[in-house]
Amino acid sequence: MRIRPLTAADASAVAAIAEERGWRPHVEAWRIALSLGNGFGTDAPYGGLASAAILLPHGGRAAVLSVLSSPRCTGQGRASAVADAALAAAASIAVEIHAPPAGLSFAQRLGFRPIGTATRFIGRPCATARPEGAASLRPVSVSDFPALVAIDEVAFGAPRRPLIEALFPMAERACLAVAGGRTVGYGIAWAEGDQLAVGPVVAEEEATAAAMGGWLAAGGDRELRLDVPDDRGAMRSAALACGLAPRGRITRLVRGAAPGGRRERLHALAAPWAG
């Protein structure tokens with residue numbers, strides 16, 4: 001089978017595979033991933049895309065891998081072929097993948113090892129008292145961007161400025177947390193298809209993260225998606241308090257050295273394809 005490079009023009013075809021798998025299509029999200037990352041795909045003999053892998057590198061220090069394959073092409077080795085091509089492109093960079101239960105054994109066969117889990121919360125947020133935190137919260141302004149990018153890099157362990165810049169045009173709410181004149185957290189709520197995705201949420205303190213989660217979810221008039229690492233108790237509590245329900249588990253796996261950073265400060269993922 002021939003593996004070909006994918007571009008942003010293939011976003012609709014990638015979304016079609018996701019829809020075949022019972023996921024929401026989110027064409028714009030895949031367009032961002034393909035614009036910022038390296039895509040590899042195989043075409044189906046019946047037409048259209050059969051499999052896709054997208055490697056999203058963050059500053060040459062870490063990368064996130066996504067792999068999709070059409071259920072109509074099961075057993076043909078297409079998912080493994082595109083994943084191998086993406087991992088070869090990663091070379092020695094540490095790579096992580098966020099796998100649903102059905103994809104866990106596949107990721108482990110590729111040499112990934114699990115290091116954590118996250119829960120996806122879904123629902124229409126209800127009005128609730130916002131958790132109190134020591135930091136003051138306000139909307140993000142243009143002048144805040146350098147400080148926001150800097151605290152994100154500390155938390156994630158690699159620079160993600162291109163990703164943040166790509167998400168901001170789709171942001172419906174963006175929150176900054178300030179304490180003692182210093183930026184101590186930020187969060188984004190952005191349009192992901194017909195859902196509002198909350199993430200990333202980065203904060204030095206759990207109480208600040210929970211307060212930002214409430215700030216970002218407040219006033220929502222549509223379904224909200226929030227992916228929370230399972231050891232972030234305050235954010236999980238905030239999600240439940242505003243009426244969101246757990247709707248699935250995601251396992252975080254890595255291949256190579258575990259990415260650095262202060263991951264305890266990352267309280268919500270941007271998306272499984274982005275970290």
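The values are calculated or read from the model by the stated rules, or taken from the named source; none is laboratory data. The structure presented is a predicted model; accordingly, all values stated were derived computationally and were not measured. Here the Cβ positions follow ideal geometry from the backbone for every residue, glycine too, while neighbour counts run over all protein chains shown.
Odds and ends about this structure:
- Among the residues of the stretch 39-59, the ones that are assigned to a loop (DSSP other than H, G, I, E, B) and touching a residue at least 40 places away in the same chain (Cβ under 8 Å) come to 1 in all.
- Here Glu165 meets each of (1) free of Cβ contacts under 8 Å to residues at least 40 places away in the same chain; (2) assigned to a strand (DSSP E or B); (3) not aliphatic (A, V, I, L, M) with one exception, condition (2).
- For the stretch 1-47, residues that are touching a Lys or Arg at 6+ places or on another chain (Cβ under 8 Å) and under 16 Å from Arg78 (Cα atoms) total 9.
- Scoring Ala174 on the criteria (1) under 17 Å from the mean Cα position of the chain (by Cα); (2) modelled with pLDDT of 95 or more; (3) within 20 Å of Pro229 (Cα to Cα) leaves a single failure, condition (3).
- Selection count where residues are surrounded by fewer than 22 Cβ atoms within 10 Å (Cβ to Cβ) and touching a Lys or Arg at 6+ places or on another chain (Cβ under 7 Å), scope the stretch 254-269: 1
- The residues of the stretch 177-198 include none that are under 13 Å from Arg222 (Cβ atoms) and more than 21 Å from the chain's Cα centre (by Cα).
- From the options Ala89, Ala147, Ala158, residue that is part of a loop (DSSP other than H, G, I, E, B) and among the aliphatic types (A, V, I, L, M): Ala158
- Test for Ser66: is it in a strand (DSSP E or B), polar (S, T, N, Q), closer than 21 Å to Ala197 by Cα and under 19 Å from the mean Cα position of the chain (by Cα): yes
- When each of Ala102, Ala150 is tested for being modelled with pLDDT under 95, loosely packed, with under 14 Cβ neighbours inside 10 Å, within 27 Å of Asn38 (Cβ to Cβ) and not assigned by TED's automatic domain parsing to the domain that holds Phe40, the lone residue that passes is Ala102.
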